Amino acid sequence: MNETIGIIFIFVGIIFDFFGCLGLIRLPDVYNRLQASTKCVTLGTVSILFGLFLFNGFSSMGIKAFLCIGFIILTAPVSAHALAGAAHRSGVKLWVKSVCDKYAEDKKE
Amino acid sequence: MRSWVVLFIVVFVIWLGLSWPIDIQHILAGIIVSALVVYFMGDMFVGRVNILKRPSRYLWFLYYIPVFLWEWLKANIGVSYKVIHPFVPIKPGIVKVRTKLKKDISLTLLANSITLTGETLSVDIDKENGFIYVHWMDVASPDTDKATKTIVRKFEKILERIFE
């Protein structure tokens, strides 16, 4: 039973990882690509690790997978935040059809 | 001193998880490594030990986890739909939202929650004035108050009760 649920979680994780990588190609600029890659790839990887945890139970491998879930949830958004801030500070433009840029307006003053 | 004890326990439990089949060798090595880590960076992580005492904070944290997971799943399905749509229907922009939170840890968790949920990505934090600059994939309105209502409110209410 646990193994079946684990396989379902791993399958869902692979699907979300695929959408994240597809977003990296299809979306127009750095910030949108960061969004797709951060959200979808984080959920995909966490789902794969959780499936691995269900698969192995409380063995040495399963507990390492479970700890990695916490590390990934805490670090992946922080790295996306740092990349987005650094990109904006070094002058990467938003997509031409973007609606507004309050950050650039506030920095000029 | 009490913050050193808390950090020691956290580091030691993580060590025990990483070297799971517990035996005496791993425990001894873990005590030495955790003591070294706590000695070098003892006062960097745990600032206020007193917030660990109130049990209502743990209950609000337990409530925060399912809310966060549900929002995260919804956001992922929305972004996946936008990615596989043939015309990529997005309307991006950077908006400014207001927050009442002041402490470092609650601001960090709020920015992380904003990044992982709801088609938004936090770009920068202005801590003195309490503003967060958020890249939004589908801008409903560039106005600060309306954006605050849609993006921040839901998590801010819970995080305020956990950490402030």
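The values are calculated or read from the model by the stated rules, or taken from the named source; none is laboratory data. Just so we're clear, the structure is a prediction, and the values are computed from it rather than from any experiment. Don't worry about glycine lacking a Cβ; one is built from the backbone with ideal geometry, like all the others, and counts go over all protein chains shown. Accessible surface is based on the protein model in full, side chains and every heavy atom, while ligands, DNA and RNA are left aside. Shrake-Rupley method; radii C 1.70, N 1.55, O 1.52, S 1.80 Å.
Summarising the overall dimensions of the range B:77-129 from its C-alpha atoms, the Rg and Dmax are 14.0, 43 angstrom. Summarised as an ellipsoid, chain A has semi-axes of 36, 16, 8 Å, derived from the eigenvalues of the Cα gyration tensor scaled by 5 and square-rooted, with the largest first. Between 0 and 90 degrees, the angle of helix A:2-26 with respect to the longest Cα principal axis of chain A falls at about 20 degrees.
For chain B, a Gaussian network of Cα nodes joined below 10 Å ranks B:Ser106, B:Ser56, B:Ser122 by mean-square fluctuation, and the top entry is B:Ser56. Of all the options B:Asp126, B:Asp143, B:Asp23, the one that moves most in a Gaussian network model of chain B with Cα springs shorter than 10 angstrom is B:Asp23. In the range B:57-163, the C-alpha radius of gyration followed by the widest Cα-Cα span (Dmax) gives 14.1, 45 angstrom. Shielding value for A:49-55 is 0, the average number of Cβ atoms from other chains within 10 Å of each residue's Cβ. Pairing chain A with chain B buries about 3800 Å² of accessible area. This figure sums both sides and uses a 1.4 Å probe. Have a look at the range B:75-97 and report residues whose accessible surface goes down by 30 Å² or more when the remaining protein chains are included, against the chain on its own, probe 1.4 Å, ligands and DNA/RNA excluded. So the qualifying set is B:Asn76, B:Val79, B:Ser80, B:Val83, B:Ile84, B:Val88, B:Ile90, B:Pro92, B:Ile94, B:Lys96. May I ask for the Kirkwood hydrodynamic radius of the protein assembly as shown, worked out over all distinct Cα pairs and given in angstroms to one decimal? After inverting the pairwise mean of 1/r, the radius is 20.4 Å. Peptide B:138-144 has a mean of 2 when you count, residue by residue, the C-beta atoms of other protein chains within 10 Å of its C-beta.
Once you reduce the range B:132-154 and the range A:79-109 to the center of their Cα atoms, the two points are 16 Å from each other. With q set to 0.30 Å⁻¹, the log10 of I(q)/I(0) for the range A:1-54, from the Debye formula over equal scatterers at the Cα positions, is -0.98. Within the accessible surface of chain A, defined with a 1.4 Å probe on protein heavy atoms only, the carbon and sulfur portion equals 73 percent.
Ratio of Rg to Rh for the range B:1-60: 1.06 [Cα atoms; Kirkwood radius as inverse mean 1/r over pairs]. Counting Cβ atoms of other protein chains within 10 Å of each residue's Cβ and taking the mean over peptide A:30-36 gives 6.
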